[in-house]
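One structure is given below, encoded as structure tokens.
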Amino acid sequence: MSKVELSPYLSLIKEDLVLLKNRLQEKYSYVSILAVDSRGKKYSCQRNSTDFSDSPFAEKGFVIRVYNGKGYSEHSFNYFNKNLISNIISEIDICAEKDLNRIKDEGINTINYPVINEEKIEKEFIDEVKILPEEIDTGTKLKRLQKLVKSGMKRSDILVDFRAIYEEYHLSKIFISNNKNLSQSYIWSNAYLLGIGRKGNNTQYSFEPFSGLKGAELLDEMESKIDKVIETVKLLLSAEPPEPGEYEIICNPALSGLIAHEAFGHGVEMDMYVKNRAKAAEYMNKAVASEKVGMHDGATAAREVSSYLFDDEGTIGTDTMIIENGILKKGMNDILSAMKLNVEPTGNGKRESFERKAYTRMTNTFFSGGKDKLDDMIKSIKKGYLLEDYSSGMEDPKNWGIQGVASHGREIIDGKLTGKIIAPVIITGYVPDLLKSISMVSEEIELSGTGYCGKGHKEFVKTSTGGPYIKAIGRIG
Amino acid sequence: MIDILKKLLSENSNLSGWKIIEKSIESKELFFIKQELDMNRTKTVTKYHLTIYKDFEEDGEKYRGSANTLISPTMDEAEIEKKIEDSAFAASFVKNKWYPIADSKSKKISEPTSNLAKSDFTQVLPNFIKAIFENDIDEKSFLNSSELFLEKHSVRIVNSNSLDVSYIKSKGLLELVAQSNLGSEEVELFRIVEFSDTDYEYIKQEVKELIDQTRDRSITESIPTQKELPIILSGESVKGFLEYYITHSNAKNVYDGISRAKIDKPIHEDEIVGDKISLTIIPNLYNSSESAPFDSDGYTLKDTVILDEGIVKNYIAPLRYGTYLDCDITGSVSNFEVKAGYKPVSELKKEPYLEAIAFSDFQMEPMSGDFGGEIRLGIWFDGKNYKKVSGCSITGNIHKSALDMRLSKETKQINNYKGPSYIKLKNINIAGS
């Protein structure tokens, strides 16, 4: 294993940032600075073209948060050296004083927050991977991906295109505040194999994701899944839309993850409690799912793309048991929501980038494993579907509605797969109905972290989702 | 920084060309819970997106490799030199058919004339706040939370062909969550409003409409699963549905084989009995946050007809893919206008229908043409009575639904889209709530 390196730039600039923080503390009773230097590369190969670029999420910059006397103001910037300290302070003063006064002059009240009270922590997290990104050169990576594309295209006539995409991301962050001095550096990688097929007027695609706190070793996992992608495309080309209705369904780990994330996870983001937007606030310590259901979220709950030492507000990451034996135990929060609600912070304050505000966001979210076997789950179904994978989902924290789109479903009649495929499959319904109907839960858990999670339709952050196979009653259409 | 980059690039003899996009963004952001300020933010960032081109030949064919990299203003010359070297090395493995980069003949044709871009944001913030809350006056149906983002973008594009163009634009975004306590259960609806000018009346109207719709959502009923009932899309889903045509007119997608659109041929292979789509791309659309005089190549943009009565007249073709397809270059334009239909919506609504006013998340999957979503607010009409409904979902496929599609005579603008306010579709599955 090779150790990842904290950004030399951040190490170099840290002293000057401490100077800036100290100067700001002469005026503001709380000051924090998050400094980010994250680099990544994205390699995309398809039938007729290749692209190479910095990861779209590569970033280098700073965000300062200050207590303005009543609440908090923030300023983001990406150009800094010691000589600019006075300029930066002026920008903060404009934000925390001039702009606020202008708004107050219009009769707008500001919400009161206490000053963040921190314990003294000085910690560093430097991760390890098998193969550092720089140990394999760009040309070799691109050639490997191009080979996967050629191999995919050769295997079936129905393919219009076959794509191999690999992204590696080396994240470095430091956080300094009144009492905290934190740093972390780790690498995550994502990859996809994507097949696009056509029969007549019908065009369908399927993809297989790969992810983890891994380096270039992720590339080794891809070849074995080429056939699966192509087989799924063929299935989708033969699929029919479902007859809308309520059915016994089995959700594969990817789809279980979508349900955990969209249907429930967003609903227990506690910044929604502060806004009175979360139905979950009324159900703490009450049954919201069958007693077979457990659900986790946390930076330390699993080792996947959203595992870290500290979040973007300097709160140490945790493992939150959200549902235990079907009972809603805890939500997750950012530091300001935690203060408002007088609960322990969980380390879920995340920003899309240093340019954006921190919100309560999920990290690694999954249902716990159970004791059942998939074969038994299939055998137990008289008429229903095995639903696999997903393309999208949307949260509804206020009313606990579900909207998820499963990639496809395999029909089950009298305990056997019939070979009939339905697609696409929209899952709707009321979250507690679905969760309370969960009657079987498989042992093994799988997580995947290739996607990005939005809050509404913006603020995209890296998360992982997953779980076991679950059997439930669901409404599909 | 641009001068430093140009100097270092010109000193590197391994390159066949380069492009630099300098983008500076200043922003002010306000976050409200009800009508109280929860947080405020500001931002000042400048980034340099550098593209390196490297040409090579193989078996008599010309190829162009490229690599895109981000240059931070904190980087010194040694770091930048390394980035250029690494990018040049990477570009030599990127084997794409050769294409040109924009030449210096690019001239500004129109410039966004946004009052917002000319404003001092500190001074206009109160005007936006007034506009947001002016119609938020009902104790039972009100704004739960809102977020306002005002951004000023200064963009400059230079390349190794002596191109040097620049412009300033503004981008506004307002996220709204409205809540109503009128029914047995509290309900909410959500909307993102994008804009680029100081059109306060537009903001007021959007807020009012959202609050009114949320009030309606509080008294909805369920409907059973059914077929053979036409759907009328309204609001954001109209734009989402019509974006299928943007995807399939895109030259990259034609080149990749995703789209089978051909110039002077119908966009749909099957015969259309309903309204046919006429679509134009418009670089400068009032109050659109996507308006710009140039695309990211630095190519000068102009209004172009893409579809005319369902026939493909042009592809939306940036320089690279337009060259591959040997078609007219339009550049990349995000704003689009679709010609209105012939019938007023009152005629479209004469027979039974389900109108989808607000979805949880309307999805149009452009490759397959599958679309649908869960309806958070709809109107169900059985020919005699109206019912406000919620919780049902629809699924359809554009290849079936577009054959007999009706566009309303009434039009609406939603940020970068201008066109019919309503679309009536058949052959849709409705899953009841």
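Derivation of every value follows stated rules applied to the coordinates shown; laboratory data play no part. Keep in mind it's a predicted model, so treat the numbers as computed, not measured. Every residue, glycine as well, gets a Cβ built from its backbone with ideal geometry; the counts of neighbours run over all protein chains shown.
Points worth noting:
- Evaluation of A:Arg65 against (1) buried (at least 22 other Cβ atoms within 10 Å of the Cβ); (2) charged (D, E, K, R); (3) facing another protein chain (nearest Cβ under 7 Å) (one fails), failing number: (3)
- From the list A:Ser32, A:Ser53, the lone residue that is in contact with a strand residue (DSSP E or B) (Cβ under 9 Å, 6 or more places away or on another chain), over 18 Å from A:Glu91 (Cβ atoms), of a type outside the set (Asp, Glu) and outside any helix (DSSP H, G or I) is A:Ser53.
- Complete set of residues in region A:384-399 that are more than 8 Å from every other protein chain (Cβ to nearest Cβ), more than 10 Å from A:His266 (Cβ to Cβ) and not charged (D, E, K, R): A:Gly384, A:Tyr385, A:Leu386, A:Leu387, A:Tyr390
- Region B:114-162, residues that are of a type in the set (Val, Ile, Thr) and surrounded by 16 or more Cβ atoms within 10 Å (Cβ to Cβ): B:Thr122, B:Val124, B:Ile129, B:Ile132, B:Val155, B:Ile157, B:Val158
- For region B:303-312, the criterion of being out of contact with any strand residue (DSSP E or B) (no Cβ under 7 Å at 6 or more places or on another chain), closer than 30 Å to B:His49 by Cβ and of a type in the set (Asp, Glu) is met by no residue.
- Residues of region A:441-474 satisfying the condition of being surrounded by fewer than 24 Cβ atoms within 10 Å (Cβ to Cβ) and within 23 Å of A:Tyr283 (Cα to Cα): A:Lys455, A:Gly456, A:Ile473
- As a summary of the residue check, B:Leu279 satisfies the conditions (1) within 14 Å of another protein chain (Cβ to nearest Cβ); (2) within 22 Å of the chain's Cα centre (by Cα) except for the one numbered (1).
- In region A:73-107, the qualifying residues are those that are surrounded by fewer than 17 Cβ atoms within 10 Å (Cβ to Cβ) and polar (S, T, N, Q), and the one that is nearest to the other protein chains (Cβ to nearest Cβ) is A:Asn81.
- A:Met339 meets the conditions (1) of a type outside the set (Phe, Trp, Tyr); (2) closer than 23 Å to A:Lys275 by Cα; (3) within 14 Å of another protein chain (Cβ to nearest Cβ); (4) part of a strand (DSSP E or B) in every case but one. The failed one is (4).
- Filtered by the rule that a residue be within 13 Å of chain A (Cβ to nearest Cβ), farther than 17 Å from B:Ile219 by Cα and surrounded by fewer than 24 Cβ atoms within 10 Å (Cβ to Cβ), region B:374-399 gives B:Thr395, B:Gly396, B:Asn397, B:Ile398, B:His399.
- Residue that is nearest to the other protein chains (Cβ to nearest Cβ) [pool: residues in region B:402-415 that are surrounded by fewer than 22 Cβ atoms within 10 Å (Cβ to Cβ) and part of a helix (DSSP H, G or I)]: B:Leu403
- In the condition set (1) exposed (fewer than 14 other Cβ atoms within 10 Å of the Cβ); (2) touching a residue at least 60 places away in the same chain (Cβ under 8 Å), A:Phe162 is compliant with all but (1).
- Taking first residues from region B:386-399 that are over 17 Å from B:Arg376 (Cβ atoms) and partners that are of a type in the set (Asp, Glu) and part of a strand (DSSP E or B), the Cβ contacts under 6 Å between residues at least 6 apart in sequence or on separate chains come to B:Asn397/B:Asp370.
- In the set A:Ile174, A:Ile187, A:Ile196, only one residue is within 24 Å of A:Lys234 (Cα to Cα), in a strand (DSSP E or B) and either more than 13 Å from every other protein chain (Cβ to nearest Cβ) or in contact with a strand residue (DSSP E or B) (Cβ under 8 Å, 6 or more places away or on another chain) (or both); that residue is A:Ile196.
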